[in-house]
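Student: Structure provided below as structure tokens; questions to follow.
The values are calculated or read from the model by the stated rules, or taken from the named source; none is laboratory data. All of these numbers come straight from a predicted model, not from anything done at the bench. Neighbour counts run over all protein chains shown; Cβ positions are idealised from the backbone, glycine included. The accessibility values were calculated without ligands, DNA or RNA, using every heavy atom of the protein model including side chains. Shrake-Rupley method; radii C 1.70, N 1.55, O 1.52, S 1.80 Å.
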Amino acid sequence: MISLPQDVLQAIEQGETVVVPSRQRSEAVRLAYAADALARKRYVWQTPDVLPLEAWKAREIERRAASGEKLPRLLGTAEEWFLWRQAAAEHTDDLELVARGLLADSLRRASQLAHEYRISLARTRGAPGSEERLLADVHRSVAQRMRALGAATAAELAAELKCLGGARPLLAVGFTQETPSFTALAQTRSAEGCSTRMRIAGDVAHNETRAVLATDAAEELERIAEWCRERLDAQGDARLLVVAPGAPEARERLATLIAQSVDPGRALSGKLAAADGGAALVALEGGLPLSRAPLVAHALRGLAWLANGAEFAELSAWLCAPYWAIPETARAKLDLWLRERAQLEITPRELLGAFSALPDSLASAGRALSAQIDQALRELNVARTTPRQWSERFDNALAALHWPGDRTLDSDEEQTRARFTELLDDFGQLATVAGVISREEAVGWLAELASRTSFRPASGDALVTIAPQFADPIVRYDGVWVAGLHADVWPQPVQPDPFLPLDAQIAAGVPSATAAGRAAEAQALLTAWRASTPHLVLSAPLRAEDVQLAPSPLLETFLEKAATAEAAPSLWLPLRVRREDMTECIDDRVGTPWDLSVRVPSGTRSVELQNSCPFRAYGELRLGSSEMDGPEPGVAADTRGRLLHSALEKLWGVLKSSSGLLAHSSEALDALIARCVDEAAAEIMGPSRADARPAVNRRECRRAMRLIRSLCELERKRAPFTVRERELERTLRLAGAELHIRIDRVDELGTGGFAILDYKSGRAIPGDWYSDRPSHPQLLAYLAAVGDETVAMSTVSVTARDVRFDGIAKDASLLPKVRGVEQSPDAEEDAWTHWQREWRARIDRLAADFVAGKAPVDPRPKACEYCHVVSICRISDASATAVEQNIDE
């Protein structure tokens with residue numbers, strides 16, 4: 001169980017105020033005090049007065065102002081952010097900066113550091129154009145504006161007031177050193193007889209500390225999860241702390257690994273919170289930007305779209321989110337309908353206009369959504385007003401959209417919603433400093449505030465707590481693991497603030513400014529960690545991707561006994577925690593057989609996909625895992641292909657043969673091609689008049705004319721032929737299944753026999769005719785449909801990169817640059833006859849496999865590059881080599 005150090009516990013019992021570095025540590029102290037009270041059979045107790053230091057300063061200043069003392073008002077967090085942002089923008093308006101907001105944050109942090117260590121910014125001028133001068137100028141501008149507003153920050157006021165906090169004793173815990181600012185605070189309180197002291201953790205005699213070296217960061221996370229399971233198996237009510245700095249995604253991954261290791265059943269159910277009145281399984285301290293919370297992201301996305309419109313992808317994500325009162329099925333159908341009709345970018349008024357053409361089946365949902373959007377637009381139908389008014393209008397607009405929907409929110413979502421409401425109030429406070437702003441500015445500033453507001457819902461007591469920063473835990477845990485302690489991180493590297501003079505930082509004793517300061521800081525942290533638990537583990541990865549790392553030299557003392565025992569790499573965590581009763585083995589390589597009474601969908605695409613990857617064929621054509629349409633820039637690929645196919649069909653309907661082609665002069669052929677393309681465009685793109693079409697469609701028509709003319713020049717060089725069939729439709733039976741096929745073109749050659757041609761307007765695939773998985777199985781299906789009189793088959797690539805034939809023929813002279821068939825393995829048999837029989841057998845086998853439901857993950861090389869069946873594919877279950885062969889670098 002977690003517990004408090006005895007002196008901290010006594011201070012709380014005696015009614016003292018305890019201040020700590022962060023909100024997370026204050027919550028940990030309160031939890032530890034509650035655990036201690038319950039252990040002593042106390043079921044009612046007074047909430048301990050534990051606050052972050054800055055929050056304590058603000059509270060005490062507000063108390064004194066409420067008692068009648070005349071003080072400047074406290075500047076709100078959003079107001080302070082805005083003043084620094086605007087002042088930084090004004091002083092750098094002649095610079096081309098990518099992110100002025102980040103610069104303002106850095107300047108504000110430098111100002112706070114200067115205040116904490118008593119570094120005078122008034123005397124720090126620096127050379128014109130230097131970082132020091134910029135900080136001094138921006139700080140002066142902010143100070144002037146605060147004075148004009150009659151406001152001040154809590155840090156500034158606390159330094160001026162005598163005996164802040166009154167006679168109540170003050171104890172500071174969790175700090176690694178006493179800063180000049182705290183020393184000054186203690187002195188002013190001491191002068192008035194007020195007790196103020198800082199507790200620095202001291203080492204303990206009884207502590208087991210060991211070090212672990214992991215091969216890489218992934219193995220380090222697995223070792224931590226295994227350690228948590230072992231500790232909790234040994235002591236069911238243990239409370240563990242894991243300190244894992246770095247990216248928040250790594251901590252999320254660690255939380256999942258711990259849950260899977262400690263309680264697989266609970267992890268699979270997704271119920272990691274407290275159950276049956278007990279503790280939660282894993283809790284993460286710190287937070288992510290509030291804008292990344294799905295509920296808030298939905299609100300911000302909706303406001304941004306209402307204000308400015310957005311790309312269709314943003315609208316689609318907003319429409320398909322769960323935070324609506326309109327049923328999700330109806331919204332999904334509206335989204336699919338819009339994907340076929342919407343432009344790449346869409347505004348609210350354009351959407352409302354599109355909804356006027358909804359079919360009857362979607363009209364009800366469309367009317368409900370239109371009414372909500374229309375009401376929300378009326379709430380935002382103001383060009384400029386104050387942030388306070390915008391805050392209220394944003395709230396009303398979201399209410400008009402019935403945000404966050406009609407479903408019951410869980411605890412985390414309720415906390416997130418409450419925090420967003422607080423953020424709207426904070427945004428409204430900008431009215432005192434921002435004046436009147438536009439709708440676009442208001443939406444942008446609200447989104448910026450949300451992105452810089454760190455938030456995570458409170459999780460209460462938990463078996464394992466994951467903290468993001470190296471800090472004094474303050475409370476005592478049953479076990480502590482500190483990860484990521486390689487030499488580049490611990491001691492932390494020297495990082496003096498670039499906006500403050502280096503000599504001033506060194507003189508003031510800023511730890512980050514010198515190697516000695518960082519070393520002392522690291523030693524103080526080690527002492528605090530050892531004092532907070534009887535079992536401490538320190539770990540470091542030896543590799544980060546392809547970079548070799550060295551463990552921190554501070555680990556050497558604890559590596560002596562662990563070096564040999566911890567050197568062997570661990571096994572994969574899921575294998576170590578596998579439970580026989582939690583694992584079900586199924587053979588998912590064979591699915592449900594196809595019903596032969598039903599025609600196979602998509603014609604030859606079934607055998608194409610079965611040849612490319614059997615699992616993709618099953619996923620796309622049997623499970624419906626097809627890629628959704630959506631607006632895209634320019635002309636869609638399918639429209640481009642249909643335009644070429646239709647124009648070529650019309651062209652050869654007029655030319656009919658090679659003699660007809662040769663009979664046309666260059667000018668006559670150009671005119672004929674232009675007419676055929678125009679007729680095809682009228683059918684596919686509309687309207688009938690070319691000059692009334694959008695510019696992008698006119699460009700596509702010109703492109704089609706050039707490509708078709710290039711193809712005609714190539715076909716002029718062919719031996720005599722007659723076009724017998726265009727867009728030939730046939731019904732083909734393969735393996736008992738019926739397929740509907742459409743062949744682009746069948747030519748009768750002057751030397752006898754037929755040639756099958758298949759137009760390709762997309763990526764060209766090199767021909768492979770002799771392997772077990774040929775590259776163009778659709779041509780083999782066409783061969784089976786046309787019959788034995790076929791003597792050549794080829795794809796015809798019609799692309800900007802190349803216009804060419806790529807196929808196989810009985811003789812190399814039949815089609816341009818098309819190779820003749822290889823010699824038959826049986827010299828007594830004609831090679832073309834032999835391969836015709838082989839190709840028919842292979843297409844029959846592919847069809848039989850599809851009909852039988854065979855669906856192993858077995859892609860052809862590079863087949864994964866253009867596959868969209870990713871959410872259900874198991875390619876990652878194969879070997880790493882298989883993945884590398886199928887994913888392009």
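Student: Contact list please: Cβ distance under 7 Å, first residue in the stretch 642-660 and without any contact (Cβ under 8 Å) to a residue 40 or more places away in the chain, second residue surrounded by fewer than 20 Cβ atoms within 10 Å (Cβ to Cβ) and among the hydrophobic types (A, V, I, L, M, F, W, C), pairs at least six apart or on different chains.
Tutor: Here the result reads Ser646/Ile684; Val654/Leu672, each pair linking the stretch 642-660 to a residue that is surrounded by fewer than 20 Cβ atoms within 10 Å (Cβ to Cβ) and among the hydrophobic types (A, V, I, L, M, F, W, C).
Student: Please specify each residue of the stretch 818-836 satisfying the condition of being modelled with pLDDT of 90 or more and either outside any helix (DSSP H, G or I) or open to solvent by 100 Å² or more (accessible area, probe 1.4 Å) (or both).
Tutor: Val818, Arg819, Gly820, Val821
Student: Kindly indicate whether any position in the stretch 466-473 is within 28 Å of Leu83 (Cα to Cα), under 28 Å from the mean Cα position of the chain (by Cα) and either in a strand (DSSP E or B) or not polar (S, T, N, Q) (or both).
Tutor: no
Student: So, restricting to helices (runs of 4 or more DSSP H) that lie completely within the stretch 300-356, which ones have at least 1 residues that are closer than 26 Å to Ala383 by Cα?
Tutor: Fully inside the stretch 300-356 and qualifying: 312-320, 348-355.
Student: From the list Leu377, Leu446, exactly one residue is in contact with a Leu (Cβ under 8 Å, 6 or more places away or on another chain) and surrounded by fewer than 18 Cβ atoms within 10 Å (Cβ to Cβ). Which is it?
Tutor: Leu377
Student: Sticking with this one: When you scan the stretch 755-788, how many residues do you find that are over 21 Å from Glu822 (Cβ atoms) and either out of contact with any helix residue (DSSP H, G or I) (no Cβ under 9 Å at 6 or more places or on another chain) or open to solvent by 20 Å² or more (accessible area, probe 1.4 Å) (or both)?
Tutor: Total meeting the criteria: 9.
Student: Can you confirm whether Ala122 is small (Gly, Ala, Ser) and open to solvent by 50 Å² or more (accessible area, probe 1.4 Å)?
Tutor: Answer is yes for this residue.
Student: So which residues in the stretch 486-541 are among the charged types (D, E, K, R) and outside any helix (DSSP H, G or I), if there are any at all?
Tutor: Matches in the stretch 486-541: Asp488, Asp497.
Student: Just a yes or no: is a residue in the stretch 688-702 open to solvent by less than 50 Å² (accessible area, probe 1.4 Å) and at pLDDT 90 or above?
Tutor: yes
Student: Still on this structure: Would you call Ala267 surrounded by fewer than 17 Cβ atoms within 10 Å (Cβ to Cβ), at pLDDT below 80 and of a type outside the set (S, T, N, Q)?
Tutor: no
Student: Could you list, in sequence order, the residues of the stretch 186-202 that are surrounded by 17 or more Cβ atoms within 10 Å (Cβ to Cβ), assigned to a helix (DSSP H, G or I) and in contact with a strand residue (DSSP E or B) (Cβ under 7 Å, 6 or more places away or on another chain)?
Tutor: Ala186, Arg189
Student: So, one more: Being part of a loop (DSSP other than H, G, I, E, B), at positive phi and touching a Cys at 6+ places or on another chain (Cβ under 8 Å) narrows it down to one residue among Gly129, Gly166; which is it?
Tutor: Gly166
Student: Out of all the residues in the stretch 837-854, is one or more farther than 23 Å from Ala785 by Cβ, at pLDDT 90 or above, assigned to a loop (DSSP other than H, G, I, E, B) and open to solvent by less than 30 Å² (accessible area, probe 1.4 Å)?
Tutor: yes
Student: Go over the candidates Glu413, Glu379 one by one and state the one that is touching a helix residue (DSSP H, G or I) at 6+ places or on another chain (Cβ under 7 Å) and under 16 Å from Pro294 (Cα atoms).
Tutor: When all the criteria are applied, what remains is Glu413.
Student: Please go through the stretch 143-181 and give me each residue that is without any contact (Cβ under 8 Å) to a residue 60 or more places away in the chain and closer than 18 Å to His115 by Cα, ordered by number.
Tutor: Within the stretch 143-181, Ala143, Gln144, Arg147, Glu156, Ala159, Glu160, Lys162, Glu178 qualify.
Yes/no per residue for (1) surrounded by fewer than 18 Cβ atoms within 10 Å (Cβ to Cβ); (2) closer than 22 Å to Ala201 by Cβ; (3) in contact (Cβ under 8 Å) with a residue 40 or more places away in the chain; (4) touching a Phe, Trp or Tyr at 6+ places or on another chain (Cβ under 8 Å):
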{"position": "Ser26", "(1), (2), (3), (4)": "no, yes, no, no"}
{"position": "Val29", "(1), (2), (3), (4)": "no, yes, yes, no"}
{"position": "Ala32", "(1), (2), (3), (4)": "no, yes, yes, no"}
{"position": "Tyr43", "(1), (2), (3), (4)": "yes, no, no, no"}
{"position": "Thr47", "(1), (2), (3), (4)": "yes, no, no, no"}
{"position": "Pro52", "(1), (2), (3), (4)": "yes, yes, no, no"}
{"position": "Ser67", "(1), (2), (3), (4)": "yes, no, no, no"}
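Student: Which residue pairs have Cβ atoms under 6 Å apart, sit 6 or more places apart or on different chains, and have a first residue in the stretch 85-106 that is free of Cβ contacts under 8 Å to residues at least 60 places away in the same chain and a second that is among the hydroxyl-bearing types (Ser, Thr, Tyr)?
Tutor: Once the first residue is free of Cβ contacts under 8 Å to residues at least 60 places away in the same chain and sits in the stretch 85-106, its partners that are among the hydroxyl-bearing types (Ser, Thr, Tyr) give Ala87/Ser141.
For (1) within 27 Å of His776 (Cβ to Cβ); (2) in contact with a Phe, Trp or Tyr (Cβ under 7 Å, 6 or more places away or on another chain), each residue gets a yes or a no:
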| position | (1), (2) |
| --- | --- |
| Glu620 | yes, no |
| Ser625 | yes, no |
| Gly630 | no, yes |
| Arg642 | yes, no |
| Ser646 | yes, no |
| Glu649 | yes, no |
| Ala674 | no, no |
| Glu683 | no, no |
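Student: Sticking with this structure for a sec: Restricting attention to the stretch 427-443, which residues are surrounded by fewer than 20 Cβ atoms within 10 Å (Cβ to Cβ), out of contact with any Lys or Arg (no Cβ under 9 Å at 6 or more places or on another chain) and at pLDDT 90 or above?
Tutor: The one that is surrounded by fewer than 20 Cβ atoms within 10 Å (Cβ to Cβ), out of contact with any Lys or Arg (no Cβ under 9 Å at 6 or more places or on another chain) and at pLDDT 90 or above: Glu440.
Student: What residue, among those in the stretch 733-754 that are of a type outside the set (Gly, Ala, Ser) and open to solvent by 20 Å² or more (accessible area, probe 1.4 Å), is nearest to Ala812 (Cα to Cα)?
Tutor: Filtering the stretch 733-754 for residues that are of a type outside the set (Gly, Ala, Ser) and open to solvent by 20 Å² or more (accessible area, probe 1.4 Å), the one nearest to Ala812 (Cα to Cα) comes out as Thr751.
Each row is one residue, and each column tells you yes or no for (1) over 30 Å from Arg456 (Cβ atoms); (2) surrounded by fewer than 17 Cβ atoms within 10 Å (Cβ to Cβ); (3) modelled with pLDDT of 90 or more; (4) among the charged types (D, E, K, R).
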site	(1), (2), (3), (4)
Glu328	no, yes, yes, yes
Ala342	yes, no, no, no
Gly366	yes, no, yes, no
Ser391	no, no, yes, no
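Student: Same structure again: Which one of these does Arg210 not meet: (1) in contact with a strand residue (DSSP E or B) (Cβ under 9 Å, 6 or more places away or on another chain); (2) part of a helix (DSSP H, G or I)?
Tutor: That leaves (2) as the condition not met.
Student: If I ask for residues that are assigned to a loop (DSSP other than H, G, I, E, B) and among the polar types (S, T, N, Q), which ones from the stretch 65-98 would you list?
Tutor: Correct list: Ser67, Thr92.
Student: Taking the condition in contact with a strand residue (DSSP E or B) (Cβ under 8 Å, 6 or more places away or on another chain), under 16 Å from Asp488 (Cβ atoms) and open to solvent by less than 30 Å² (accessible area, probe 1.4 Å), does Pro551 pass?
Tutor: Considered against the rule, which asks whether it is in contact with a strand residue (DSSP E or B) (Cβ under 8 Å, 6 or more places away or on another chain), under 16 Å from Asp488 (Cβ atoms) and open to solvent by less than 30 Å² (accessible area, probe 1.4 Å), Pro551 comes out as no.
Student: Is it the case that the stretch 758-776 has a residue that's among the hydrophobic types (A, V, I, L, M, F, W, C), farther than 30 Å from Arg702 by Cβ and either at pLDDT below 90 or not in a helix (DSSP H, G or I) (or both)?
Tutor: yes
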